[in-house]
Amino acid sequence: MSKKKLVFSDEAIELLNSPEGRQILMGFFGIKDKRTVENYLANNVPSNFLLNMNIGEEIRKHLPNMTDKRLFRKETREEERSRNIAYVEKILNRNRNEKNGDHH
C-alpha cells in the first residue's frame, strides 16, 4: 500500500480561489496571468508536495491561524488512482510520440 500524499483541503482551495488567495499565488509564482493560477487550483494534485508546502507557508504569512490540519488533507484512494492513471497515460503518450518521431 502506498503512502498517502497530502493535497490542499477544501478550505484551503476556497481560500486560494478568493481574490486575496489568487494574489498570494500570483505573487508566489511571479506571474501576471490568472489562467496559470486557475490551472493550478483546478489540478489540486500532490504532484509537487514541496510546492504545496511552500504555498502553505505563504498562506500562513497572511493567515497565521491556518494549521496544517486545516490546510492539508490526505489524498483519497480515488484521487490516487486518478493520479496514477494520468501518470501512466502521460508516459504512454510520450513513448508513442517518440516512436512516431514527434519530439514535442
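The values are calculated or read from the model by the stated rules, or taken from the named source; none is laboratory data. In this text, all values refer to a predicted model and were calculated from it rather than measured experimentally. Backbone-built Cβ (ideal geometry, glycine too); neighbour counts: all protein chains shown. Just so you know, the surface numbers come from the protein's heavy atoms only, side chains and all, with ligands and any DNA or RNA stripped out. Shrake-Rupley method; radii C 1.70, N 1.55, O 1.52, S 1.80 Å.
Checked against the criterion of being in a helix (DSSP H, G or I), on the phi < 0 side of the Ramachandran plot, free of Cβ contacts under 8 Å to residues at least 12 places away in the same chain and not acidic (Asp, Glu), the range 25-34 contains one or more residues that satisfy it.
Output yes when any residue across the range 83-92 is open to solvent by 80 Å² or more (accessible area, probe 1.4 Å), modelled with pLDDT of 80 or more, in a helix (DSSP H, G or I) and acidic (Asp, Glu), and no when none is. Yes: the range 83-92 contains one or more residues that are open to solvent by 80 Å² or more (accessible area, probe 1.4 Å), modelled with pLDDT of 80 or more, in a helix (DSSP H, G or I) and acidic (Asp, Glu).
Okay, residues lined up against (1) assigned to a loop (DSSP other than H, G, I, E, B); (2) exposed (fewer than 13 other Cβ atoms within 10 Å of the Cβ); (3) at pLDDT below 85; (4) in contact with a helix residue (DSSP H, G or I) (Cβ under 7 Å, 6 or more places away or on another chain):
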| site | (1), (2), (3), (4) |
| --- | --- |
| Leu41 | no, no, yes, yes |
| Asn44 | yes, no, yes, yes |
| Leu50 | no, yes, yes, no |
| Asn54 | no, yes, no, no |
| Met66 | yes, no, no, yes |
| Arg70 | no, no, no, yes |
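In the range 3-12, the qualifying residues are those that are modelled with pLDDT of 85 or more and surrounded by fewer than 16 Cβ atoms within 10 Å (Cβ to Cβ), and the one that is farthest from the chain's Cα centre (by Cα) is Glu11. Of all residue pairs spaced 6 or more apart or on separate chains, those with beta-carbon atoms under 8 Å, a first member in the range 50-66 that is within 20 Å of Pro19 (Cβ to Cβ) and a second member that is part of a helix (DSSP H, G or I) and open to solvent by 50 Å² or more (accessible area, probe 1.4 Å) are Ile55/Phe28; Gly56/Asp68; Glu58/Gly27; Glu58/Phe28; His62/Glu20.
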